[in-house]
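Chemist: The structure's right below; bear with me while I get my questions together.
The values are calculated or read from the model by the stated rules, or taken from the named source; none is laboratory data. Since this is a predicted model, take the numbers as computed values, not measurements. Don't worry about glycine lacking a Cβ; one is built from the backbone with ideal geometry, like all the others, and counts go over all protein chains shown. For the accessible areas, the whole protein counts, side chains as well, though only heavy atoms, and no ligand, DNA or RNA atoms are used. Shrake-Rupley method; radii C 1.70, N 1.55, O 1.52, S 1.80 Å.
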Amino acid sequence: GYLTGCALIIVFLISFMFFRKKRVNNAETTIYKYMLFCNISESIITNGIIVTALTSNSNLIFVLLNRLDVIILITWFSLMFSYIYKVSHPNEKKKYIIFVSILNTFFYISAILLDVTIINQNGILDSKGPLTTVGLFGATIYIISMIICAISKKRNTKKLEKDKYIPLFFLIFLTAVLAVLRIVIPRINF
């Protein structure tokens, strides 16, 4: 629970700094604002899962929170893809919207309908089953899409523009590492 509590504090601090400063009102800033909202929501839900495990241990609450968690994670990944797409292809007219809409519709319906098994024993809190698999599959699809989008644009950009891709590639790399760690060490909530 310490990691999730710290994550919530950090995302609140980042959000505070973001909303405190004046900012340019463009598509990238709007997407980033929604990503912050998703981060706050996901951190609250994850902390709710931990609190539920420590208090009521209600399977119904676990399942509901896991469904919400997968929906918010898919939303965050789709927003991250949209952000990278907007940075990489600023002049293209929302071609990605159909792609994101179809994927998210599939993943949201799956998150509502698919089964999940909650494991809460011996200090291990985990979820397994089709819902978890769909969440990881969705994250993987969006990570691959982000990499393809960023690499395809990076080849045709000037040196000055290439520098703005360094943080994006770093974030994509960290996201991929966390997805792998989630698979390898499922009992730790990253």
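Chemist: Tell me, which residue of segment 1-29 that is more than 20 Å from the chain's Cα centre (by Cα) and part of a loop (DSSP other than H, G, I, E, B) is surrounded by the most Cβ atoms within 10 Å (Cβ to Cβ)? Can you show your working first?
Modeler: Residues of segment 1-29 more than 20 Å from the chain's Cα centre (by Cα): 17, 19-26.
Then keep just the ones that are part of a loop (DSSP other than H, G, I, E, B); that gives 21-26.
Working: K21: 7, K22: 5, R23: 13, V24: 6, N25: 8, N26: 11.
It comes out as R23.
Every residue, every condition in (1) among the hydroxyl-bearing types (S, T, Y); (2) surrounded by fewer than 21 Cβ atoms within 10 Å (Cβ to Cβ); (3) farther than 22 Å from Y165 by Cα, yes or no:
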| position | (1), (2), (3) |
| --- | --- |
| I31 | no, yes, no |
| I49 | no, no, yes |
| N59 | no, yes, yes |
| I72 | no, no, yes |
| K86 | no, yes, no |
| Y96 | yes, yes, no |
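Chemist: Another question, if that's okay. Report, by residue number, each residue of segment 54-109 that is in contact with a strand residue (DSSP E or B) (Cβ under 8 Å, 6 or more places away or on another chain) and not β-branched (V, I, T).
Modeler: Listed by number, the residues that qualify are N57, N59, F62, N66.
Chemist: G135: out of contact with any helix residue (DSSP H, G or I) (no Cβ under 8 Å at 6 or more places or on another chain), more than 22 Å from K33 (Cβ to Cβ) and among the small types (G, A, S), yes or no? First the steps, then the outcome.
Modeler: On the way: out of contact with any helix residue (DSSP H, G or I) (no Cβ under 8 Å at 6 or more places or on another chain): no; more than 22 Å from K33 (Cβ to Cβ): yes; among the small types (G, A, S): yes.
Judged against the criteria, G135 is not a match.
Chemist: Also, I was wondering about something else. Taking the criterion of being surrounded by 13 or more Cβ atoms within 10 Å (Cβ to Cβ), of a type in the set (G, A, S), part of a helix (DSSP H, G or I) and modelled with pLDDT of 80 or more, would at least one residue in segment 146-155 satisfy it?
Modeler: no
Chemist: Follow-up question, since we're still on this one. Examine segment 31-50 for a residue that is part of a helix (DSSP H, G or I), touching a strand residue (DSSP E or B) at 6+ places or on another chain (Cβ under 9 Å) and either touching a residue at least 24 places away in the same chain (Cβ under 8 Å) or among the β-branched types (V, I, T) (or both), and state whether such a residue exists. Full working, then the answer.
Modeler: Just the residues of segment 31-50 that are part of a helix (DSSP H, G or I), to begin with: 31-50.
Retained after the next criterion (residues that are touching a strand residue (DSSP E or B) at 6+ places or on another chain (Cβ under 9 Å)): 49-50.
Then drop every residue that is not either touching a residue at least 24 places away in the same chain (Cβ under 8 Å) or among the β-branched types (V, I, T) (or both), which leaves 49-50.
Yes, segment 31-50 has at least one match.
Chemist: Could you pull out the residue among N122, N91 that is open to solvent by 70 Å² or more (accessible area, probe 1.4 Å) and at positive phi?
Modeler: Working: N91 fails: at positive phi.
The unique qualifying residue is N122.
Chemist: Restricting to segment 7-31, give me the number of residues that are modelled with pLDDT under 90 and either among the polar types (S, T, N, Q) or under 18 Å from L73 (Cα atoms) (or both).
Modeler: Result for segment 7-31: 5.
Chemist: Does any residue in segment 1-29 that is closer than 24 Å to L178 by Cβ come within less than 7 Å, Cβ to Cβ, of a residue that is assigned to a helix (DSSP H, G or I) and of a type in the set (G, A, S) six or more places away or on a different chain, and which pairs are these?
Modeler: Listed by first residue and then by second, the contacts come to T4/S43; A7/S43; L8/S43; V11/S43.
Chemist: Continuing with this model, one more query. Has segment 100-111 got at least one residue that is over 18 Å from the mean Cα position of the chain (by Cα) and surrounded by fewer than 19 Cβ atoms within 10 Å (Cβ to Cβ)?
Modeler: no
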